[in-house]
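Undergrad: This is the structure, below, for whatever I ask next.
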Amino acid sequence: MDSHHHHHHLCYNMQECLNAIQNKISDCNSLQDRHGSRYLINGKVVIEHSPGLSGPGKSASVQVYSSTVIDPNTMKGKLSGKACLKKGKSSKKDGTKTTVYKIKLHVEPGFGNPGAFLIENNHKHRFFLQSATLVTPENKVIHFDCRSWVYPIKDTNTSRLFFSNTCYLPSKTPACLVELRKEELESLRGDGTGERKEWDRIYDYALYDDLGNPGKGPDHVRPVLGGSRSRPYPRRGRTGRPATKNGTINLDTYVPPDERCSPKKLSEFIANAIQATAYFHLPEAKSLPRDSSSFESFGDIRDLYSNNRRQAMRGKSVTEKVKKFVPAQLFKDVTHVIEEVDIKFPLPQIIRANQFAWKLDEEFGRQMLAGTNPTRIHCLREFPPRGTLTESHIEQSDIEHNLDGLSFEQHIILQAMKQWRIYVLDHHDYLLPFLRKMYSEGVRPCASRTLLFLRNDATLKPLAIELSYPGSSNNVDGMKTMVLLPEKEDIPQALWQLAKAHVAANDSAYHQLISHWLHTHAVVEPFIIATRRQLSVMHPVHRLLDPHFKDTMHINALARTVLINAGGILEKTLFTGKFSMELSSELYKQWRFDEQALPSDLIKRCMALEESENPRGALMLFQDYPYGLDGLDIWLAIQTWVGDFCDIFYEDDPSVKSDTEIQAWWSEIRNVGHGDKRKEQWWCQMTTKADLKRTLTTLVWIASALHASVNFGQYSYAGYPPNRPSRCRKFVPEEGTMEFAEFLKDPDKYFLNMLPDRFEASLGIALMEVLSRHTSEEVYLGQRATSEWIDNKQVKQRFEKFNKSLREIEKQIMERNGDPELMNRRGPAKVPYKLLYPNTTKVETPAGITAKGIPNSISI
């Protein structure tokens, strides 16, 4: 062999040997640190805390449980020794300080893979644990997506347990984790007694018994909702605090720590609220505690809004006011957000392009299909319309001449109904029993039915409005009724505008109390509580649902303290006044979970036909119903994703039936969380994969798309009181009365006097502004807060597919909005329909009023 070649070969071998020796040494180092023959698990822990406070550092320690090796003494996974958090590296962003700590855990050889870890906080402050990552000696990386508060052990007397991001059905749980899985769920259920402390992680149910405030006098007593046949209601989270309040606004209601908004979100939320109500904190507002005067002119209303001129007031007087009702810690977090406050409202979309488009009948009809309450209108199937209590006073002769020249014949209305061309917005019979009680100073309540005709261009033309209202107080016997028709001449035209205002007031209250509060916020809370109590965090369905529950319990708790309580903002602004929540309990009687699935809802309202071979499950009767059309696309995308997800974990129907946690979950939702409906026959049995898929699709739909469609358009439409007044202070006048004479003298002035007064209007606008804002940390449909949310490749691929389908839908929505044939997509007011635009692509989305984007959860 030639020597040159031989020499080269030798070098090559030497190099190999050196490499091998080098590798050996580093292997030994990683295994054999100073303790001799012990394995080392390295890791990092990411923690968030207030900028003013130091991180926990060495006063927090971690131990891990093996998921493969069992400890015969405890029957749980083997537990490592403790390791303190070391070498914290901090960074600041947007007022939040994040520290990344290193940990080194020594374990016996053969310890196996970590499946869970305990963290103990011996620091004086709580901290927010974002995530943890562990690396085993074999270089396997294990993620823990924690996002949870860890309280000092002096308060909780216990360490916090976190499971890795691997999911198992109960029957497939590794033996090492079975006991831990069971214990963790038991501790979350608590024993139903005692008052909750801030650090308790306990989920339990309560009735709505905390809305009243008897301490303020008999006027503030409210009935308990839930638990009775006459006043059924979904359950809420139990706080164990006394039900009566002492009259102060308490933003510190108990919410389980994992359900709380982040400090950043909370301070944004409060800053928005302060911003919106700045009008009431003005120094000069002291002299007139509430301005109950009417607007003098439309220009006068217009002056509430800025034309991009920012009129700012500095924070001092505002912050002093805020200090009174905000907990001290929160106050510290908030003050840096409220540097300056703009005392004018932004211009609502409805009057941006054309300040009088809202008056047009076509726009009035369009808002029933594409406005902020598109879920009430339905196709009329009998004439005259009939409710549960009454038959309508609208007669054939009122409308037959107005059906766009459908041939004049006896059965013209029948023809129109056969062609699915007559629609009704019904706010009539459910209000009748309440009207007389609601009649009060400054409120003239009506119940209404509005008939509309679907024209050839798919716009809706109002045909008639029927109003029922309590006669004068001495005329106790019953209701008066009037039917108004759209007419061309000035005076009838002006009366028709007044009638439309009453319809809008009915629709506003229904929207706020039913479509928004009851049908999304209130009905979802029991599902959250049941999920936390019965589905382990290791359960795949818990992983699937978790992002759709973010912040909801906290937002609902805040709503119970300022929005839906006695004397709260809704009672102050809606015509339903102190009967608001009672009314929502009355309408909960009609609620059915199975009908919350969008296809079922559209079919029930005769806006679509059932079509079982269509993957959407329904066929739209006419394409230009923006909520229905975009909604079915989103529904199909959610349904496909949820179906894919379930197929990964469940082979067949028996695997659903034998899933003990899912069965306990479903039983608790039916028998406890929505227990007032436990006897209903429409609940599914949860024995098949199809049952599970349908239930989860519906739940995700309610929390994401349904809520977005009724929430984020509020400012666009209701931010301008003439378009959607929340109450009317006058009836439509009857001929021959003093009111009628007053109306004839100045119809515009009569209309303005009918609207809420300045105080109520401004409060209403402020509320719309706060509710319509997206916060900066919103996570949208098709997004996850972290890419490591689940440890499963297949799931991540399917989720990517879901994200892609949402991006396709975004393109489609933009195309539809640009299509001149689809008249209802923009309407005379030129407000494009984007409430079901997912907004999935943007990483950083601007916060604020965007009137688009579907957040994963009901987070405002």
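Undergrad: For the chain, what % of the accessible area comes from carbon and sulfur atoms, probe 1.4 Å? Intermediate results must be reported in sequence, preceding the final value.
TA: Working: 18870 of 36360 Å².
On the chain, the fraction of accessible area on carbon and sulfur atoms equals 52 percent.
Undergrad: Mind checking which lysines have their C-alpha under 17 Å from LYS745, skipping anything on the same chain fewer than 8 residues away?
TA: The reachable lysines, counting only those whose Cα sits under 17 Å from LYS745, are LYS730.
Undergrad: What spacing in nm lies between the two simple spin-label points modelled at SER294 and LYS172, each 7 Å away from Cα in the Cβ direction?
TA: If labels sit at SER294 and LYS172, their model points lie 6.8 nm apart.
Undergrad: Turning to a different aspect of this structure: Calculated from the structure, log10 I(q)/I(0) by the Debye sum over Cα atoms at q = 0.04 Å⁻¹ equals which of (1) -0.21; (2) -0.33; (3) -0.45?
TA: (1)
Undergrad: Using a 1.4 Å probe on the protein heavy atoms only, what accessible surface does ASP652 show? Give it in Å² to the nearest 10.
TA: 60
Undergrad: Right, next: Checking the table LYS418/LYS834; LYS804/LYS830; LYS102/LYS154; LYS86/LYS140 against a 26 Å threshold on Cα-Cα, which pairs fail? Could you put the intermediate results ahead of the total?
TA: Details: LYS418/LYS834 32 Å; LYS804/LYS830 29 Å; LYS102/LYS154 24 Å; LYS86/LYS140 22 Å.
Long pairs (Cα-Cα over 26 Å): LYS418/LYS834; LYS804/LYS830.
Undergrad: Still on this structure, please answer the following. Taking the simple approach of a point 7 Å from Cα along Cα-to-Cβ for both SER776 and SER667, what is their distance in nm?
TA: 4.7
Undergrad: Angle between the Cα long axis of helix 361-370 and the longest principal axis of the chain, 0 to 90 degrees, nearest 10?
TA: The helix 361-370 is inclined about 20 degrees to the chain.
Undergrad: Ok, one more. Ignoring ligands, DNA and RNA, how do MET814, MET417 rank by accessible area with a 1.4 Å probe, largest first?
TA: Working: MET814 90, MET417 15 Å².
Order by accessible area, largest first: MET814, MET417.
Undergrad: Greater than 28 Å separation of Cα atoms is the criterion. Which listed pairs, LYS182/LYS657; LYS359/LYS437; LYS44/LYS550, meet it? Provide the component values of the computation, followed by the final result.
TA: On the way: LYS182/LYS657 19 Å; LYS359/LYS437 31 Å; LYS44/LYS550 25 Å.
In this structure, LYS359/LYS437 lie more than 28 Å apart at Cα.
Undergrad: Compute the distance from the alpha-carbon center of the range 614-655 to that of the range 202-233, in whole Å.
TA: Centre-to-centre (Cα) distance: 37 Å.
Undergrad: Give the angle, between 0 and 90 degrees and rounded to the nearest 10, that separates the Cα long axis of helix 552-562 from the longest principal axis of the Cα atoms of the chain.
TA: 40
Undergrad: The range 35-142: which GluC sites (Glu not before Pro) are DSSP loop and have at most 15 other beta-carbon atoms within 10 angstrom?
TA: Working: sites: GLU48, GLU120, GLU138; in loops: GLU138.
The qualifying sites are GLU138.
Undergrad: Just want to confirm a number: the relative contact order over the chain, from Cα pairs under 8 angstrom separated by 6+ residues, in percent.
TA: Numbers: 1541 pairs, mean separation 118.2, N = 860.
The value is 14 percent.
Undergrad: Taking the Cα atoms only, what angle lies between the long axis of helix 626-649 and the longest principal axis of the chain, rounded to 10 degrees?
TA: 30
Undergrad: As an exercise, use a Förster radius of 35 Å and the Cβ-Cβ distance of ILE491 and LEU414 to find the FRET efficiency, rounded to the nearest 0.05. Kindly include the intermediate steps, with their values, before the conclusion.
TA: Working: r = 33 Å, r/R0 = 0.95.
Efficiency, rounded to the nearest 0.05: 0.60.
Undergrad: In the range 385-454, if the dipole is taken from +1 on Lys/Arg beta carbons and -1 on Asp/Glu beta carbons about the Cα centre, which of GLY442, GLY387, HIS411 is farthest to the positive end?
TA: GLY442
Undergrad: Report the gain in length on full extension from GLU391 to LEU587: 0.36 nm times residue separation, minus Cα-Cα distance, nm rounded to one decimal.
TA: Details: separation 196, 0.36 × 196 = 70.56 nm, distance 1.97 nm.
Between GLU391 and LEU587, full extension yields 68.6 nm more.
Undergrad: For the range 163-174, just list the computed ³J(HN,Hα) in residue order, Karplus coefficients 6.51, -1.76 and 1.60, θ = phi - 60°, integers in Hz, with x standing in for Gly and Pro.
TA: In residue order, the calculated couplings are 9, 5, 7, 8, 9, 9, 5, x, 6, 9, 5, x Hz.
Undergrad: Let me have the relative contact order for the range 34-182, percent, based on Cα pairs under 8 Å that are six or more residues apart.
TA: Values: 346 pairs, mean separation 44.9, N = 149.
Relative contact order comes out at 30 percent.
Undergrad: Moving to a separate point now. Extending each Cα 7 Å along its Cβ direction at LYS44 and LYS104, get the distance between those two points in nm, one decimal.
TA: Each label point lies 7 Å from its Cα, and together they span 1.7 nm.
Undergrad: What is the pair-distance distribution P(r) of the range 34-182, computed from all Cα-Cα distances in 5 Å bins starting at 0, with each bin given as a whole percent?
TA: Reading the bins upward from 0: 2, 10, 19, 22, 19, 15, 9, 4, 1, 0.
Undergrad: Something else about it: So how strong a dipole does the range 34-182 carry about its Cα centre when Lys and Arg Cβ are +1 and Asp and Glu Cβ are -1, to the nearest 20 debye?
TA: Numbers: 24 positive and 9 negative charges, 98 e Å.
In debye, rounded to 20, the range 34-182 gives about 480.
The values are calculated or read from the model by the stated rules, or taken from the named source; none is laboratory data. Source: prediction; values computed, not measured. Heads up, the Cβs are rebuilt from the backbone with ideal geometry, glycines too, and the neighbour counts pull from every protein chain shown. The accessibility values were calculated without ligands, DNA or RNA, using every heavy atom of the protein model including side chains. Shrake-Rupley method; radii C 1.70, N 1.55, O 1.52, S 1.80 Å.
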